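Each value in this text was obtained by applying a stated rule to the coordinates, not by laboratory testing. No experiment lies behind these values; they were computed from the predicted model shown. Methodologically, a virtual Cβ is constructed for each residue, glycine included, from the backbone with ideal geometry; neighbour enumeration extends over all protein chains shown.
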Amino acid sequence: MTTSKREDVSQSEKAYIDSLITKYLNIRTIHFGDSPREAIRYDKRPQMYGGEGVVYLLQMFAEGELVNNRIGAYMILPTSDDSIGFHTHGSRNEQEIYVILEGVGQYLEKDSWESPEKKHEVVKGNITTMMGKGFHGIKNIGESPLIIFVITTNEKKVRSVSVDTGI
């Protein structure tokens, strides 16, 4: 599995992404106790997890701002040339939720690296989940941008409990 590092977004790329997303959504966060705000950071991820093209993430929350969540972000795959390759969250003990807000995608999942992939067409309003050691990826297969809100949560830690049986 290949990952790509986050890259900064140029002003022209930011304007391009804003022009794509504002056709469909008015992105704004109203976080308890704070004034309404827009994205706090734009990230660019070329060939994300071995996928094709470029994926943009609009981070809506600062690190540590959400309890038990690592990411709350809009993820934009601008064209049908863009995808996210197979990856797992099991090594980080995370679960991930995709809420499809616009576009048409092909969601891919498999139980292990060697197992056959399952393909699901996803459209506006669909939700996907990934947990444990499974793998997932997604690609834009439509004419418009694929816009997803992604939430990455930390899996509940299992506590071991010892019981004194008195024996």
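State the dimensionless ratio Rg/Rh of region 1-89 (Rg: radius of gyration of Cα atoms; Rh: Kirkwood radius). It would help to have the intermediate numbers written out before the result.
On the way: Rg = 13.8 Å, Rh = 14.1 Å.
Result: Rg/Rh = 0.98.
Give me the net charge of Met60's neighbourhood, meaning all other residues with Cβ under 13 Å from the Cβ of Met60; Lys, Arg count +1, Asp, Glu -1.
Values: positive: Arg28, Arg37, Arg41, Arg70; negative: Asp34, Glu38, Asp43, Glu63, Glu65.
Once positives and negatives cancel, what remains is -1.
Per DSSP helix of 4 or more residues, -39500 (n - 2.57); summed, then divided by the residues of the chain. What does that give at 222 nm, rounded to the nearest 500? Provide the component values of the computation, followed by the final result.
Values: 1 runs with 11 residues, N = 167.
Only helices count here, giving -2000 deg cm²/dmol.
When Lys and Arg each count +1 and Asp and Glu each count -1, what net charge do the other residues less than 13 Å away from Gly142, Cβ to Cβ, add up to? Show your work: numbers first, answer last.
Numbers: positive: Lys124, Lys139; negative: Asp81, Asp82, Glu102, Glu121, Glu143.
Once positives and negatives cancel, what remains is -3.
Filter the chymotrypsin sites (Phe, Trp or Tyr not before Pro) in region 1-49 down to the DSSP loop ones having no more than 13 other Cβ atoms within 10 Å, then list what survives. Display every interim value, and only then the final one.
Working: sites: Tyr16, Tyr24, Phe32, Tyr42, Tyr49; in loops: Tyr24, Phe32.
Hits after loop and neighbour filter: Phe32.
Translational diffusion coefficient, Stokes-Einstein: compute it for region 103-147 using the Kirkwood radius over C-alpha pairs as Rh, at 10 °C and 1.306 mPa s, and state it as an integer in µm² s⁻¹. Show your work: numbers first, answer last.
Details: Rh = 11.2 Å.
D = 142 µm²/s.
Helix 11-21: angle to the longest alpha-carbon principal axis of the chain, degrees 0 to 90, nearest 10?
The answer is roughly 80 degrees.
Residue separation times 0.36 nm, minus the C-alpha to C-alpha distance between Trp113 and Ser144: what's the value?
Working: separation 31, 0.36 × 31 = 11.16 nm, distance 3.02 nm.
Taking 0.36 nm per residue and subtracting the Cα distance, the gain is 8.1 nm.
Which parts of region 33-74 would a label at Arg6 reach, counting a residue when its backbone N lies under 14 Å from a point 7 Å out along Cα-to-Cβ?
Within reach of a label on Arg6: 39-46, 56-66, 70-74.
Quick check: convex hull over the Cα atoms of the chain, volume per residue in Å³, rounded to an integer?
Working: hull volume 26.0 nm³, N = 167.
So the per-residue Cα hull volume is 155 Å³.
Stretched out fully, how many nm does the piece from Arg28 to Ala15 gain, at 0.36 nm a residue minus the Cα gap? Working shown, then result.
On the way: separation 13, 0.36 × 13 = 4.68 nm, distance 1.63 nm.
Using 0.36 nm per residue and subtracting the Cα-Cα distance, I get 3.1 nm.
Compute the Kirkwood hydrodynamic radius of region 69-132, taking the inverse of the mean of 1/r over all pairs of distinct Cα atoms, and give it in Å to one decimal. Present the calculation step by step, with values, prior to reporting the outcome.
Values: mean 1/r = 0.0766 Å⁻¹.
Hydrodynamic radius (Kirkwood, Cα pairs) of region 69-132 is 13.0 Å.
Please compute the modelled spin-label separation between Glu63 and Asn93, points set 7 Å along Cα→Cβ, answer in nm with one decimal.
1.9
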